[in-house]
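Presented below is the structure to which this report refers.
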Amino acid sequence: SKITLTKASPTISLAKQGATSGRMLINLNWQQRGGQQPQGGGGWRERLTKAMGGGLDLDLGALFELSDGRKGVVQALGNAFGSLHQPPYIHLDGDDRTGAVASGENLTINLDHAQNLRRVVIFVTVYSGAASFQGISATVTLTPERGAPIDFTLDECTVASPVCVLAELTNQGGELVVRREARYLVPDRGVSPQRTVDHAYGFGMQWTPGRK
């Protein structure tokens, strides 16, 4: 059965619910408030693109810290798509800029290497087509090969935020624990959304401008 994370109960251990190996898919389902329920990656993006006047591009990404101290980012910007079978054991399957890809954008984490991950912060940014997440609602689903799917909804965005931290995965005693964040951040002037997430979660990485 599905496990839903809430403000009152925001965390779950993957190991305690059987997700100790295999791949875990992380997906978002977005819709405009007051609109129809989306049917999949392509459908919701097409409807949302039309609603926003076209050109909406949302980017899923992750900051990671490995057990050996190495840090980095997995995202479409800079073509940093990661890898499943070598560090960082996190992979972004592509960059869907048009909404034409039926499955949308997905992050996959290789749980066979969970012991190599110290923490992972999953986030999504508005790359183009909208100024912020205001007027958009979303459900986040984490689907492991073993164990129940985990999902949660995001709160309504009430600030001019172009970046939302979805969840944080931390290694606690050898087990990966998922925490619902659902946290909208507002960057300071001249600060990128990625650097804003870095500052909020204390990664301390050096950033340079990137393109895709």
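The values are calculated or read from the model by the stated rules, or taken from the named source; none is laboratory data. All figures in this text were calculated on a predicted structure; none of them were measured in a lab. Note: ideal-geometry Cβ built from the backbone for every residue, glycine included; neighbour counts use all protein chains shown. With ligands, DNA and RNA removed, areas are computed over all heavy atoms of the protein, side chains included. Shrake-Rupley method; radii C 1.70, N 1.55, O 1.52, S 1.80 Å.
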How many residues, within segment 78-137, are part of a loop (DSSP other than H, G, I, E, B) and either at pLDDT 90 or above or aromatic (Phe, Trp, Tyr) (or both)?
8
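If you go through segment 133-150 one residue at a time, how many are β-branched (Val, Ile, Thr), surrounded by fewer than 22 Cβ atoms within 10 Å (Cβ to Cβ) and in contact with a Ser or Thr (Cβ under 9 Å, 6 or more places away or on another chain)?
Result for segment 133-150: 1.
Select from segment 151-167 the residues that are of a type in the set (A, V, I, L, M) and open to solvent by 10 Å² or more (accessible area, probe 1.4 Å) and write down the one among them that is nearest to the chain's Cα centre (by Cα).
Among residues in segment 151-167 that are of a type in the set (A, V, I, L, M) and open to solvent by 10 Å² or more (accessible area, probe 1.4 Å), the one nearest to the chain's Cα centre (by Cα) is Leu154.
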Working carefully through the options Gly72, Gly43, Gly54, find the one that is more than 27 Å from Asn110 (Cβ to Cβ) and at pLDDT 50 or above.
Gly54
Out of all the residues in segment 1-27, which are of a type in the set (S, T, N, Q), touching a residue at least 40 places away in the same chain (Cβ under 8 Å) and surrounded by fewer than 12 Cβ atoms within 10 Å (Cβ to Cβ)?
Ser1, Thr6
Those residues of segment 56-77 that are open to solvent by 20 Å² or more (accessible area, probe 1.4 Å) and in a loop (DSSP other than H, G, I, E, B) come to a total of 4
